[in-house]
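A short worksheet on the structure shown next.
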Amino acid sequence: MAHDRQPLHKTSESSQTGDGEPLPRRRTCTGYHIYKILTIVYAVFYVLVGLLLLGLGIWIAVVKKDYESITDIVTGPAALCIVVGLIILVSANVGCAGAIKNRLWPLRIFLAIIVIVFIFQVVIGILGYVYREEAIENIGGRLRTTIQGYHLNTNIEYAIDRIQRKGRCCGFKNYDDWESSPRYSCAAGSPERCSVPDSCCQSEQENCGLNARGSGQINRINTRGCETALLNWIEQHLDVLGGTALGLAIIHILGLFVVYVLITKIEDRVRLFKYRKRFFQS
(Lines give C-alpha, C1' and ligand atoms only; values in the text may rest on other atoms or scores of the structure.)
Protein backbone atom coordinates (compact mmCIF):
# COMPACT_ATOMS: atom_id res chain seq x y z
CA MET A 1 0.00 0.00 0.00
CA ALA A 2 3.00 2.25 0.50
CA HIS A 3 3.43 2.67 -3.19
CA ASP A 4 -0.18 3.97 -3.50
CA ARG A 5 0.52 6.95 -1.24
CA GLN A 6 1.19 10.05 -3.22
CA PRO A 7 2.67 13.33 -1.87
CA LEU A 8 0.19 16.11 -1.30
CA HIS A 9 2.21 18.49 -3.51
CA LYS A 10 4.21 17.39 -6.49
CA THR A 11 6.27 19.94 -8.32
CA SER A 12 5.64 18.47 -11.75
CA GLU A 13 1.87 18.32 -11.28
CA SER A 14 1.15 21.24 -8.98
CA SER A 15 2.60 23.68 -11.46
CA GLN A 16 0.04 22.67 -14.09
CA THR A 17 -3.73 22.83 -14.39
CA GLY A 18 -5.91 19.86 -15.30
CA ASP A 19 -5.57 20.81 -18.96
CA GLY A 20 -1.79 20.77 -18.76
CA GLU A 21 -1.53 24.59 -18.71
CA PRO A 22 1.00 26.10 -16.25
CA LEU A 23 -0.50 27.90 -13.25
CA PRO A 24 0.08 31.65 -13.11
CA ARG A 25 2.85 32.64 -10.75
CA ARG A 26 2.21 34.92 -7.83
CA ARG A 27 3.13 38.48 -8.72
CA THR A 28 5.87 39.97 -6.59
CA CYS A 29 5.42 43.54 -7.91
CA THR A 30 1.81 44.68 -7.52
CA GLY A 31 0.14 48.03 -7.33
CA TYR A 32 0.27 47.72 -3.55
CA HIS A 33 4.07 47.34 -3.57
CA ILE A 34 4.50 50.22 -6.02
CA TYR A 35 2.42 52.63 -3.93
CA LYS A 36 4.13 51.48 -0.76
CA ILE A 37 7.52 52.37 -2.24
CA LEU A 38 6.18 55.67 -3.59
CA THR A 39 4.80 56.57 -0.15
CA ILE A 40 8.17 55.88 1.51
CA VAL A 41 9.95 57.96 -1.14
CA TYR A 42 7.42 60.77 -0.66
CA ALA A 43 7.89 60.63 3.14
CA VAL A 44 11.64 61.09 2.65
CA PHE A 45 10.96 64.00 0.29
CA TYR A 46 8.52 65.36 2.86
CA VAL A 47 11.33 65.45 5.42
CA LEU A 48 13.41 67.53 3.02
CA VAL A 49 10.48 69.90 2.51
CA GLY A 50 10.11 70.26 6.27
CA LEU A 51 13.80 71.00 6.70
CA LEU A 52 13.65 73.56 3.88
CA LEU A 53 10.66 75.40 5.34
CA LEU A 54 12.10 75.26 8.85
CA GLY A 55 15.45 76.59 7.68
CA LEU A 56 13.81 79.29 5.56
CA GLY A 57 11.63 80.46 8.45
CA ILE A 58 14.57 80.56 10.88
CA TRP A 59 16.76 82.39 8.36
CA ILE A 60 14.16 85.11 7.79
CA ALA A 61 13.46 85.36 11.53
CA VAL A 62 17.18 85.89 12.19
CA VAL A 63 17.67 88.36 9.35
CA LYS A 64 14.64 90.47 10.25
CA LYS A 65 15.99 91.07 13.78
CA ASP A 66 18.07 93.87 12.31
CA TYR A 67 14.91 95.64 11.19
CA GLU A 68 12.25 94.50 13.67
CA SER A 69 12.22 97.89 15.45
CA ILE A 70 11.12 99.45 12.14
CA THR A 71 8.91 96.72 10.70
CA ASP A 72 7.77 93.26 11.79
CA ILE A 73 5.88 92.59 8.60
CA VAL A 74 7.72 89.34 7.85
CA THR A 75 7.28 87.94 11.37
CA GLY A 76 3.91 86.26 10.77
CA PRO A 77 4.79 84.31 7.62
CA ALA A 78 8.22 83.35 9.02
CA ALA A 79 6.75 82.02 12.29
CA LEU A 80 4.09 80.05 10.42
CA CYS A 81 6.80 78.63 8.17
CA ILE A 82 8.75 77.37 11.21
CA VAL A 83 5.63 75.74 12.72
CA VAL A 84 4.75 74.02 9.45
CA GLY A 85 8.32 72.77 9.06
CA LEU A 86 8.24 71.16 12.52
CA ILE A 87 4.86 69.54 11.85
CA ILE A 88 6.15 68.11 8.58
CA LEU A 89 9.24 66.58 10.21
CA VAL A 90 7.14 64.76 12.82
CA SER A 91 4.39 63.62 10.45
CA ALA A 92 6.85 62.37 7.82
CA ASN A 93 8.29 59.88 10.31
CA VAL A 94 4.79 58.71 11.23
CA GLY A 95 3.88 58.22 7.56
CA CYS A 96 7.10 56.39 6.75
CA ALA A 97 6.64 54.01 9.70
CA GLY A 98 3.03 53.36 8.68
CA ALA A 99 4.02 52.54 5.10
CA ILE A 100 6.84 50.18 6.14
CA LYS A 101 4.73 48.32 8.74
CA ASN A 102 1.44 48.45 6.80
CA ARG A 103 -0.35 50.27 9.63
CA LEU A 104 -3.48 52.13 8.66
CA TRP A 105 -3.79 54.61 11.54
CA PRO A 106 -0.35 56.21 11.03
CA LEU A 107 -1.06 56.53 7.31
CA ARG A 108 -4.44 58.12 7.99
CA ILE A 109 -2.81 60.60 10.38
CA PHE A 110 -0.15 61.27 7.75
CA LEU A 111 -2.81 61.90 5.10
CA ALA A 112 -4.73 64.29 7.38
CA ILE A 113 -1.57 66.24 8.22
CA ILE A 114 -0.65 66.52 4.54
CA VAL A 115 -4.03 68.17 3.94
CA ILE A 116 -3.52 70.55 6.88
CA VAL A 117 0.05 71.39 5.83
CA PHE A 118 -1.12 71.96 2.25
CA ILE A 119 -3.65 74.52 3.53
CA PHE A 120 -1.02 76.17 5.75
CA GLN A 121 1.44 76.48 2.88
CA VAL A 122 -1.19 78.08 0.67
CA VAL A 123 -1.92 80.52 3.52
CA ILE A 124 1.81 81.31 3.86
CA GLY A 125 2.02 81.99 0.14
CA ILE A 126 -1.03 84.25 0.22
CA LEU A 127 0.25 86.10 3.30
CA GLY A 128 3.57 86.65 1.58
CA TYR A 129 1.95 88.48 -1.32
CA VAL A 130 -0.66 90.28 0.83
CA TYR A 131 2.00 91.59 3.23
CA ARG A 132 4.06 92.59 0.22
CA GLU A 133 1.33 95.02 -0.85
CA GLU A 134 0.82 96.15 2.75
CA ALA A 135 4.52 96.96 3.03
CA ILE A 136 4.36 99.22 0.01
CA GLU A 137 1.45 101.16 1.52
CA ASN A 138 2.50 101.41 5.18
CA ILE A 139 6.28 101.21 5.51
CA GLY A 140 6.85 104.85 4.63
CA GLY A 141 4.84 106.22 7.53
CA ARG A 142 6.48 103.82 9.98
CA LEU A 143 9.99 104.75 8.87
CA ARG A 144 9.26 108.47 9.21
CA THR A 145 7.97 107.81 12.74
CA THR A 146 11.14 105.92 13.64
CA ILE A 147 13.26 108.81 12.35
CA GLN A 148 11.65 111.02 15.00
CA GLY A 149 12.69 108.54 17.71
CA TYR A 150 16.15 107.87 16.28
CA HIS A 151 18.08 109.06 19.37
CA LEU A 152 15.48 107.77 21.84
CA ASN A 153 15.83 104.06 21.13
CA THR A 154 19.10 102.23 20.46
CA ASN A 155 17.33 99.46 18.51
CA ILE A 156 15.75 101.99 16.16
CA GLU A 157 19.08 103.76 15.79
CA TYR A 158 20.82 100.48 14.92
CA ALA A 159 18.13 99.46 12.42
CA ILE A 160 18.10 102.81 10.58
CA ASP A 161 21.90 102.99 10.47
CA ARG A 162 22.07 99.47 9.05
CA ILE A 163 19.52 100.27 6.34
CA GLN A 164 21.30 103.48 5.38
CA ARG A 165 24.72 101.78 5.26
CA LYS A 166 23.60 98.75 3.26
CA GLY A 167 21.37 100.75 0.92
CA ARG A 168 23.79 103.68 0.62
CA CYS A 169 20.83 105.97 1.21
CA CYS A 170 19.61 108.61 3.64
CA GLY A 171 16.13 109.14 5.07
CA PHE A 172 13.04 107.58 3.52
CA LYS A 173 12.22 109.70 0.49
CA ASN A 174 15.50 111.63 0.69
CA TYR A 175 17.91 113.16 3.18
CA ASP A 176 15.49 116.02 4.01
CA ASP A 177 13.38 113.54 6.02
CA TRP A 178 15.85 114.11 8.86
CA GLU A 179 14.32 117.54 9.32
CA SER A 180 11.60 115.74 11.32
CA SER A 181 14.18 114.59 13.87
CA PRO A 182 14.14 116.84 17.00
CA ARG A 183 17.93 116.67 17.18
CA TYR A 184 18.79 117.09 13.49
CA SER A 185 16.14 119.72 12.63
CA CYS A 186 17.49 123.04 11.43
CA ALA A 187 15.12 124.68 13.92
CA ALA A 188 16.77 122.88 16.82
CA GLY A 189 19.16 124.70 19.06
CA SER A 190 21.62 121.81 19.34
CA PRO A 191 25.08 121.72 17.74
CA GLU A 192 23.74 118.90 15.51
CA ARG A 193 21.16 121.11 13.80
CA CYS A 194 20.81 120.59 10.01
CA SER A 195 22.76 117.34 10.34
CA VAL A 196 22.20 113.70 9.38
CA PRO A 197 23.48 110.48 10.99
CA ASP A 198 27.01 109.44 10.06
CA SER A 199 25.50 106.36 8.38
CA CYS A 200 24.27 108.68 5.60
CA CYS A 201 27.83 109.57 4.58
CA GLN A 202 29.33 108.23 1.39
CA SER A 203 32.56 107.64 3.29
CA GLU A 204 31.51 107.12 6.88
CA GLN A 205 33.59 108.57 9.68
CA GLU A 206 32.86 110.28 12.99
CA ASN A 207 30.80 113.50 12.65
CA CYS A 208 30.87 113.28 8.84
CA GLY A 209 27.13 114.09 8.80
CA LEU A 210 27.45 117.12 11.05
CA ASN A 211 25.72 120.18 9.53
CA ALA A 212 25.68 118.42 6.13
CA ARG A 213 22.26 119.81 5.20
CA GLY A 214 22.97 123.38 6.32
CA SER A 215 26.45 123.97 4.97
CA GLY A 216 25.67 123.04 1.39
CA GLN A 217 28.03 120.07 1.60
CA ILE A 218 25.47 117.47 0.68
CA ASN A 219 27.94 115.99 -1.79
CA ARG A 220 29.53 114.11 1.09
CA ILE A 221 26.29 112.26 1.96
CA ASN A 222 23.97 109.93 0.09
CA THR A 223 21.00 111.96 -1.07
CA ARG A 224 18.88 109.08 -2.32
CA GLY A 225 16.15 107.91 0.08
CA CYS A 226 15.95 104.40 1.55
CA GLU A 227 12.40 103.74 0.35
CA THR A 228 13.45 101.58 -2.58
CA ALA A 229 16.15 99.69 -0.66
CA LEU A 230 13.86 98.85 2.27
CA LEU A 231 10.90 97.86 0.14
CA ASN A 232 13.14 95.70 -2.04
CA TRP A 233 14.44 93.90 1.05
CA ILE A 234 10.91 93.21 2.32
CA GLU A 235 9.59 92.19 -1.08
CA GLN A 236 12.49 89.85 -1.81
CA HIS A 237 12.13 88.00 1.50
CA LEU A 238 8.35 87.77 1.27
CA ASP A 239 8.58 86.61 -2.35
CA VAL A 240 11.03 83.85 -1.39
CA LEU A 241 8.82 82.78 1.51
CA GLY A 242 5.55 82.87 -0.39
CA GLY A 243 6.91 81.39 -3.62
CA THR A 244 8.62 78.48 -1.85
CA ALA A 245 5.54 77.66 0.22
CA LEU A 246 3.18 77.74 -2.78
CA GLY A 247 5.56 75.81 -5.03
CA LEU A 248 5.99 72.99 -2.52
CA ALA A 249 2.25 72.94 -1.78
CA ILE A 250 1.55 71.97 -5.39
CA ILE A 251 3.81 68.91 -5.04
CA HIS A 252 1.78 67.77 -2.01
CA ILE A 253 -1.20 67.13 -4.28
CA LEU A 254 0.71 64.18 -5.73
CA GLY A 255 1.60 63.03 -2.21
CA LEU A 256 -2.07 63.12 -1.19
CA PHE A 257 -2.95 60.86 -4.11
CA VAL A 258 -0.14 58.36 -3.42
CA VAL A 259 -0.86 58.02 0.31
CA TYR A 260 -4.61 57.76 -0.25
CA VAL A 261 -4.20 54.97 -2.82
CA LEU A 262 -1.85 53.07 -0.49
CA ILE A 263 -4.45 53.27 2.30
CA THR A 264 -7.12 51.84 -0.01
CA LYS A 265 -4.74 49.05 -1.10
CA ILE A 266 -4.02 48.08 2.51
CA GLU A 267 -7.74 48.20 3.35
CA ASP A 268 -8.45 45.87 0.40
CA ARG A 269 -5.78 43.43 1.60
CA VAL A 270 -7.22 43.47 5.12
CA ARG A 271 -10.73 42.76 3.84
CA LEU A 272 -9.43 39.98 1.59
CA PHE A 273 -7.55 38.39 4.47
CA LYS A 274 -10.66 38.43 6.67
CA TYR A 275 -12.76 36.97 3.84
CA ARG A 276 -10.30 34.14 3.23
CA LYS A 277 -10.09 33.40 6.96
CA ARG A 278 -13.90 33.09 7.25
CA PHE A 279 -14.04 31.02 4.06
CA PHE A 280 -11.53 28.42 5.26
CA GLN A 281 -13.07 28.31 8.74
CA SER A 282 -16.56 27.60 7.37
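Work out the FRET efficiency for residue 100 and residue 250 from their Cβ-Cβ distance, taking R0 = 35 Å, and round it to the nearest 0.05. Here the calculated transfer efficiency is 0.85. Other residues lying with their Cβ under 15 Å from the Cβ of residue 111 contribute a combined charge of +3, Lys and Arg counting +1, Asp and Glu -1.
Between the beta carbons of residue 205 and residue 179, assuming R0 = 22 Å, the FRET efficiency works out to 0.45 to the nearest 0.05.
For residue 154, what accessible area in Å² do you get when you roll a 1.4 Å probe over the heavy atoms of the protein chains, rounding to the nearest 10? Probe radius 1.4 Å; accessible area of residue 154 about 110 Å². Approximating the spin labels as points 7 Å out from Cα along Cα→Cβ, the residue 130-to-residue 161 distance works out to 3.7 nm.
When 105, 233, 178, 59 are compared by accessible surface with a 1.4 Å probe, the order from highest to lowest is 105, 59, 233, 178.
Between residue 229 and residue 51, what FRET efficiency comes out of the Förster formula 1/(1 + (r/R0)^6) with R0 = 30 Å and r the beta carbon distance, rounded to 0.05? So, using R0 = 30 Å, E works out to roughly 0.45.
The values are calculated or read from the model by the stated rules, or taken from the named source; none is laboratory data. Quick caveat, the model's predicted, so the values are computed rather than measured. Reconstructed Cβ throughout: ideal geometry from the backbone, glycine too, with neighbour counts over all protein chains shown. All accessible areas refer to the heavy atoms of the entire protein, side chains included, with ligands and DNA or RNA removed. Shrake-Rupley method; radii C 1.70, N 1.55, O 1.52, S 1.80 Å.
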